[in-house]
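Notes for the one structure printed next.
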Amino acid sequence: MKKTDRDIRVLLDKGEGLNIEIKECEIKLPEDVWETYSAFANTRGGEIVLGVKEHKKLPKAERFEITGVKDANKIVTDFFNMVNNPQKVNRSVVIDSNVQIVSIDGKEIVYIRVPEADYRHKPIYINQKLQNGTYKRVHEGDRHVSERELTMMLRDSFDNLDSQVIPRRSMNDIDAETLRGYRQMFENRNPNHPYHKLDNKEFLRKLGGYGFDEERQEEGLTMAGLLMFGKADVIHNTFPNFRVDYLDLQGIVPGGSKKWNDRLTDDGYWEDNIFNFLFLAMGKLLFTLPSEGKLNGTVRKDGGPLHEAVREAMV
């Protein structure tokens with residue numbers, strides 16, 4: 001949305017804060033604009049106004065003087081050159097429409113909106129310095145993140161690999177029988193759920209198994225979708241180290257002639273995705289456990305706390 005002089009005056013009336021930064025800028029970008037860029041991207045996003053001088057000793061209504069920039073187009077060009085330079089910033093989160101030149105009282109100022117970065121792309125840091133170049137926004141200032149905060153950002157970015165869209169993996173790579181079985185189970189447990197009306201692609205999208213990659217402008221299966229419901233050969237081609245294995249070793253003596261009582265592994269008799277493995281392995285495992293039989297009306301119901309605990313552990 002195109003900003004007007006009125007919009008900028010509203011920002012100046014609010015003054016600097018958690019989401020607003022106002023900087024003087026005459027002929028070149030202020031160096032500390034990159035600290036603010038990092039802080040906004042790592043916190044909740046924010047707006048930067050360049051070309052305004054702050055007189056801190058004056059009342060708030062008179063504090064900001066519009067001084068303008070001498071060559072606004074050069075400032076914008078310099079900003080985009082730097083924000084796309086990996087030696088300055090590790091990742092750009094702005095697009096062309098986020099940066100605008102606005103004329104106020106015959107003077108030009110530069111407006112920059114910095115969106116919050118996707119959690120998978122944090123931390124946003126500057127000068128190739130992960131620890132010392134990562135900032136957060138606190139009140140109206142930019143502060144270095146703590147070591148713990150940086151660790152949490154890094155953890156979150158890697159813990160959500162399952163939501164990443166895998167290149168060139170589509171609904172054709174889903175095992176139809178596996179997904180049909182899951183949908184039947186889902187319907188039995190949630191008979192009135194609105195997802196029942198969705199086709200398979202939209203159903204997977206709701207579950208996080210199908211998504212859209214903004215950078216590549218490509219839709220497809222996510223890592224979770226493929227591993228959970230995919231065809232075995234596609235899974236193994238995509239993730240060569242993927243392996244699920246269930247062994248019943250009860251009573252087996254190490255070094256003896258018998259290696260196992262029962263085994264569930266990739267033998268070509270079933271599609272070894274995660275859903276099928278959980279379903280089949282859980283059945284085998286629960287069969288080896290003592291069951292607490294109870295009557296539910298006239299129907300016997302097996303299971304008990306041990307079975308419930310094992311189901312939770314497996315999932």
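For segment 190-266, the fraction of C-alpha pairs farther apart than 20 angstrom is 57 percent.
Please give the residues of segment 244-258, grouped as numeric ranges, whose backbone N is less than 16 Å from a label point set 7 Å along the Cα-to-Cβ vector of L289. Only 247-250 fall inside the zone, counting backbone N under 16 Å. Over all orientations, the chain has a Cα convex hull whose mean projected area works out to 25.6 square nanometres.
Accessible surface ranking for K23, K2, 1.4 angstrom probe, highest first: K2, K23.
Surface analysis of the chain yields an accessible area of 61 Å² per residue, using protein heavy atoms and a 1.4 Å probe.
If R0 is taken as 35 Å, the Cβ-Cβ distance between Q184 and K258 corresponds to a FRET efficiency of 0.40. Across segment 74-124, Cα pairs under 8 Å and at least six residues apart give a relative contact order of 30 percent.
Accessible area per residue was computed with a 1.4 Å probe on protein heavy atoms; L18 scores about 80 Å². Look at the alpha carbon pairs under 8 Å that are at least 6 residues apart: their mean separation over the length of segment 1-122 gives a relative contact order of 30 percent.
Each label point was placed 7 Å from the Cα along the Cα-to-Cβ direction; for N84 and T151 their separation is 3.8 nm. Would you work out what percent of the accessible area of the chain, with all protein chains in place, is carbon or sulfur (probe 1.4 Å)? Taking all protein chains in place, the chain shows 50 percent carbon and sulfur surface. Accessible surface comparison of W260, W34, W270, probe 1.4 Å, protein chains only, largest first: the order is W260, W270, W34. In the chain, the calculated helix contribution to ellipticity at 222 nm averages -10000 deg cm²/dmol per residue, counting -39,500 (n - 2.57) for every DSSP H run with n ≥ 4. The heavy atoms of H139 present about 130 square angstrom of accessible area, all protein chains included, probe 1.4 Å. Of all lysines in the structure, the ones whose alpha carbon falls short of 22 Å from that of K74, not counting any fewer than 8 places away in one chain, are K2, K3, K23, K28, K53, K88, K107.
Relative contact order of the chain, taken over Cα pairs closer than 8 Å and 6 or more residues apart, is 12 percent.
The values are calculated or read from the model by the stated rules, or taken from the named source; none is laboratory data. If you're wondering where the values come from, they're calculated on a predicted model, not measured in any experiment. Neighbour counts run over all protein chains shown; Cβ positions are idealised from the backbone, glycine included. Note: areas computed on protein heavy atoms with side chains; ligands, DNA, RNA excluded. Shrake-Rupley method; radii C 1.70, N 1.55, O 1.52, S 1.80 Å.
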